[in-house]
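The values are calculated or read from the model by the stated rules, or taken from the named source; none is laboratory data. In this text the structure is predicted, and so the values were computed from the model without any measurement. Note that each Cβ is placed from the backbone with ideal geometry, even for glycine, and that neighbours are counted across all protein chains shown.
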Amino acid sequence: MKKVYQLEGLDCANCAAKLERAIGEIEGVSAASISFMTQRMTIETQEDQLAGVMKMVKKTIRKVEPDCTLVE
Amino acid sequence: MTRKQKRMLVRIGAGAVIFAAAMLLPLEGLWRLGIFLAAYGVTGWDVLWRAVRNIARGKIFDENFLMSIATVGAFVLGEYPEGVAVMLFYQVGEWFQGYAVHRSRRSIAELMDIRPDYANVERDGQTLRVDPEEVAIGETILVKPGEKIPLDGEVIQGSSTLDTAALTGESLPREAEPGAEVLSGCINGGGLLRIRVTKHFGESTVSKILEMVENASSKKARSENFITRFAKYYTPVVVIAAALLAVVPPLVVPGAQFSEWVHRALIFLVISCPCALVISVPMSFFGGIGGASRQGILVKGSNYLEMLAQSEIVVLDKTGTLTKGNFQVTEVRPEDGTDKEALLEWAAYAECYSSHPIALSLRRAYGRELEPGRVDAPEEAAGRGLTAKVDGHLVAAGNRKMMEEMGLSPKGTDPVGTVVHVAVDGTYRGRIVISDEIKEDARQAMEELKRVGVQRTVMLTGDAPAVAEDVAKKLAIDEVYAGLLPLGKVEKVEELWRQKSKNGRLAFVGDGINDAPVLSRADIGIAMGGLGSDAAIEAADIVIMDDKPSRLATAIKISKKTVRIVRENIVFALGVKAVILALGALGIAGMWLAVFADVGVAFLAILNAMRALRPVK
C-alpha cells in the first residue's frame, strides 16, 4: 500500500535525494520517493509492517537530515 | 518568508552590524579578536554546529565543513575580517537560495490550488460543511456562487455557468443545468447548484489531476538522471584534485608556501558544491510541468516533457482528435427552384422518427421545433433512407441508390461525406451533405506543429480514403493512412517509428477511447479531451484537458523552453565553476569568488529555473 507524508525543513535537493535513497533501503519499504518541490514523501510498504517501517523512517530522517521533520 | 528565514535575516543583520563596528572601532589585541569572533559567532554558529554534527556521523565533505574550515583557517592565520566576511557572504547567499526555493514552492502550490477545502452536504434536511473526503456517492451537495465544485457529480437543481480555467486553461465558461455532468475543480459562476455526487473524492477529477502532477517528478528525465550520476563522480574528483593541489605544489615547486596552497585547495572545495545543478534541474522540470498544467496540459513525468521537446513525427487520429466526432450538415445544395430552408425542412420531417446520427444532425440543422402532426406514414428503406408523407406530400430522403430506384438520377458527382438526397412527390429537389466537422483550430494547430519543429504530421483513420484525404488536404497534413482497423493503427505507428531518426521521437495523439494500445506503443502518448475520460488519463503520458489540437504545439513549446532552461543552467553552472576553479588553482580567485560560485550560481540558476513556470505564448 502507498502512504504519503508531508515533510518540513527539506532545504536542499541533494539532501532530498540522499534521504530518498536511505529510506528506500529500509527493510519493508518496497519503494520510496521524495519530491523536493512539494516536500512530499511517498512510501510503499505492507500494511502490517507500517508501524515498524515508519519508526525506522523517522530514525533515518533524524540521522540523514536532522533539520528535516515529518509532519503528522 | 518562513519564520526560520526571518530569524536568519535578523541574525545576518546583527552579524553585519557587529562586523561593521569591528572594522571601524580602533581595537587592539584580544579585544579585536573578541569582537570579530562575536560577529562570526552570530552569523555562522549554525554552520559550525552542523559541520561538527556531520563529522560525528562520518560525513565530512559537505558545505558546512568546507565553510567552517575556510573561515576558521582565516582566523588562525590572523585574517579576522576575511573569516567573518566570507561567512557573512555565504549566509546571505544561502538565505537567498532558501528564499528562492520557498518562493517557487509557493508559486507551484498556487498553481495546484484547485483542491477544494470543503463540501456543503445535505444530510437530514440540514446543510453541513464537511471535508470532501467524507462525502459518499449518491449524497447531495450544495455549491454556492463563487465556490469550487468539490466532487464530480450530476446537477439535479439549478443552473449556472462554470469556470473551468483551473482544469483546462480555457476561460470560456461552460453551461451547467439539471442533468449535466459537472467536474470537481470548476468554479461555480452565478447560480446555486444542487449536485448529486457520482464519485468519491479520491476518484474525482480534481484528485486525479493533483495526484498526477504531484507524482510527475518521480518519473525522472534523462538530464535529471545525468545530474545525479554526475554529482556522484564530480564530488570525489574535486576532493581528490583539491588534496593534490594542497600537497603537490609545495613539494614540487621550490619556494611554494604550504599554507598558501592549502588555502587555494579550500577555495577549490567551496567552489565545487554541485548545489546549483542538483536544485535547479528538477526545479525547471517541475516548473514546466506546473506551467503546462495551468494551460490544461497534464504531463505525467519529466521524462515525457523532455521527449516531447524532440518530437519529430506526430501521428494523429482523425475522429475526435482533429474532427469533432459529431455529424453536422455542412452543405445544402437545392436544385433550381427550391430554397435551402425548404429542403432542410423536408429532410428533417422525413426523418423525424429516426434516431440515426444523420437524422439527428438534419433536425439540428433545421433548428425549429418539429410538429409530429404534419408527418404521416413514415417508412424505412433499409440501407437506402426514409420516406414519409409530410403535409400530404410524399418525401423521400436517402442515398443515391434510393433515388435511382425511384427512377431519378441526381446530376453531377456527390461531394465528400455522407449525402442525403431529397425527392418530393417524385421530383428530385436537391442534396444535403453531412460530414464530421473539423475542429476550428485544427488547421492552425497543424501549422503551429510545423513551426515548432515537427518534421512530419501523419493522420490515421478507420474512415474511407476519400473522406480522410479531404480532411488531410484541408489541414495540410503530410501523410494519410485511411481504412485502418485498431490493430492496423498499431502496425502503422510501429512502421513510422522505425522511420524516425535516432534522437527524434514519435508522438501519437488520440482521443483515448479506443487508442490505448497505440498510445502505449508511441514514444509519447497524448490523449485529447481528458476532461471526464478516465480511460484517457490512465493510458496516456500526456493529457490535453480540453479538445483543442492547438494545445499540442503549446505543449511542445513548453517542453522546448523547459529543456532549454535546463541546458542553460547546466552550462552556466558548470562553466562558471570551471572558470573559478581554474582561477582558484592559480591563486587569482579568493574566498569571495568561491562563495559566489557556490551560492550565487545556485541562486541565479534557481531564478532561471522559475521561468519554466511562466506561460508560453
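In segment A:1-37, which residues are within 8 Å of another protein chain (Cβ to nearest Cβ) and either closer than 19 Å to B:Ile606 by Cα or surrounded by 21 or more Cβ atoms within 10 Å (Cβ to Cβ) (or both)?
A:Gly9, A:Asp11, A:Cys12, A:Ala13, A:Asn14, A:Ala17, A:Ser35, A:Phe36, A:Met37, listed by residue number.
Residue by residue, here is whether (1) under 52 Å from the mean Cα position of the chain (by Cα); (2) surrounded by 21 or more Cβ atoms within 10 Å (Cβ to Cβ); (3) of a type in the set (A, V, I, L, M) holds:
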residue: B:Thr418; (1), (2), (3): yes, no, no
residue: B:Asp425; (1), (2), (3): no, no, no
residue: B:Ala445; (1), (2), (3): yes, yes, yes
residue: B:Val452; (1), (2), (3): yes, no, yes
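Can you tell me which residue among B:Val454, B:Val433 is in contact with a strand residue (DSSP E or B) (Cβ under 6 Å, 6 or more places away or on another chain), in a loop (DSSP other than H, G, I, E, B), closer than 30 Å to B:Ile477 by Cβ and in contact (Cβ under 8 Å) with a residue 40 or more places away in the chain? Walk me through it before giving the result.
Numbers: B:Val433 fails: in a loop (DSSP other than H, G, I, E, B).
None of the others qualify; the one that does is B:Val454.
Listed by first and then second residue, the pairs linking a residue in segment B:193-208 that is surrounded by fewer than 18 Cβ atoms within 10 Å (Cβ to Cβ) to a residue that is of a type outside the set (A, V, I, L, M) and part of a strand (DSSP E or B), with Cβ atoms under 7 Å apart and 6 or more places separating them unless they lie on different chains, are B:Arg194/B:Thr140; B:Arg194/B:Gln157; B:Arg196/B:Thr140; B:Arg196/B:Gly153; B:Arg196/B:Glu154; B:Thr198/B:Gly153; B:Thr198/B:Glu154. Condition check: under 28 Å from the mean Cα position of the chain (by Cα) and in a loop (DSSP other than H, G, I, E, B). Does B:Glu440 satisfy that? Here the answer is yes, as B:Glu440 does meet what is asked. When each of B:Glu63, B:Glu79 is tested for being crowded, with 20+ Cβ neighbours inside 10 Å and of a type in the set (Asp, Glu), the lone residue that passes is B:Glu63. Under the condition of being outside the structural domain of B:Val238 (by TED's automatic domain parsing) and more than 22 Å from A:Leu10 (Cβ to Cβ), which residue from segment B:267-292 is surrounded by the most Cβ atoms within 10 Å (Cβ to Cβ)? Here the residue is B:Ala292.
Filtered by the rule that a residue be surrounded by fewer than 18 Cβ atoms within 10 Å (Cβ to Cβ), within 42 Å of the chain's Cα centre (by Cα) and either within 14 Å of chain A (Cβ to nearest Cβ) or not in a helix (DSSP H, G or I) (or both), segment B:4-48 gives B:Lys4, B:Gln5, B:Arg7, B:Asp46. Selection within segment A:38-47: residues that are farther than 30 Å from B:Gly98 by Cβ and at pLDDT 85 or above. The member of this set that is nearest to the other protein chains (Cβ to nearest Cβ) is A:Glu44.
Here B:Met1 meets each of (1) touching a Leu at 6+ places or on another chain (Cβ under 9 Å); (2) at pLDDT 90 or above with one exception, condition (2).
Helices (runs of 4 or more DSSP H) fully within segment B:337-411 that include at least 1 residues being within 15 Å of B:Ile432 (Cβ to Cβ) and modelled with pLDDT under 80: B:357-366.
Yes or no, residue by residue, for (1) over 30 Å from B:Leu305 (Cβ atoms); (2) within 43 Å of the chain's Cα centre (by Cα):
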site: B:Arg222; (1), (2): no, yes
site: B:Phe226; (1), (2): no, yes
site: B:Phe230; (1), (2): no, yes
site: B:Tyr233; (1), (2): no, yes
site: B:Pro236; (1), (2): yes, yes
site: B:Leu251; (1), (2): yes, no
site: B:Phe258; (1), (2): yes, no
site: B:Trp261; (1), (2): yes, no
site: B:Pro274; (1), (2): no, yes
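Among the conditions (1) modelled with pLDDT under 85; (2) crowded, with 20+ Cβ neighbours inside 10 Å, B:Ala516 misses just one, which is (2).
Among all positions in segment B:52-63, there is at least one residue which is of a type in the set (Gly, Ala, Ser) and at positive phi. There is at least one residue in segment A:51-69 that is farther than 26 Å from B:Gly202 by Cβ, of a type in the set (A, V, I, L, M) and within 14 Å of chain B (Cβ to nearest Cβ).
Is it the case, given these coordinates, that B:Gly58 is within 27 Å of B:Pro236 (Cα to Cα), buried (at least 18 other Cβ atoms within 10 Å of the Cβ), out of contact with any strand residue (DSSP E or B) (no Cβ under 8 Å at 6 or more places or on another chain) and not assigned by TED's automatic domain parsing to the domain that holds B:Gly590? So B:Gly58 does not fit the description; no.
Per-residue answers, yes or no, for (1) closer than 30 Å to B:Met67 by Cβ; (2) free of Cβ contacts under 8 Å to residues at least 24 places away in the same chain; (3) buried (at least 24 other Cβ atoms within 10 Å of the Cβ); (4) not acidic (Asp, Glu):
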{"position": "B:Ile542", "(1), (2), (3), (4)": "no, no, yes, yes"}
{"position": "B:Pro549", "(1), (2), (3), (4)": "no, no, yes, yes"}
{"position": "B:Ile565", "(1), (2), (3), (4)": "yes, no, no, yes"}
{"position": "B:Glu568", "(1), (2), (3), (4)": "yes, no, no, no"}
{"position": "B:Ala578", "(1), (2), (3), (4)": "yes, yes, no, yes"}
{"position": "B:Gly584", "(1), (2), (3), (4)": "yes, no, yes, yes"}
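Scan segment B:457-468 for residues that are over 20 Å from B:Val493 (Cβ atoms) and either crowded, with 16+ Cβ neighbours inside 10 Å or free of Cβ contacts under 8 Å to residues at least 24 places away in the same chain (or both) and the total you get is 2. What's the total number of residues in segment B:89-103 that are within 13 Å of chain A (Cβ to nearest Cβ) and of a type in the set (A, V, I, L, M)? Result for segment B:89-103: 2. Taking the listed residues B:Ser311, B:Ser293, B:Ser259, the one that is within 14 Å of chain A (Cβ to nearest Cβ) and polar (S, T, N, Q) is B:Ser293, with no other qualifying.
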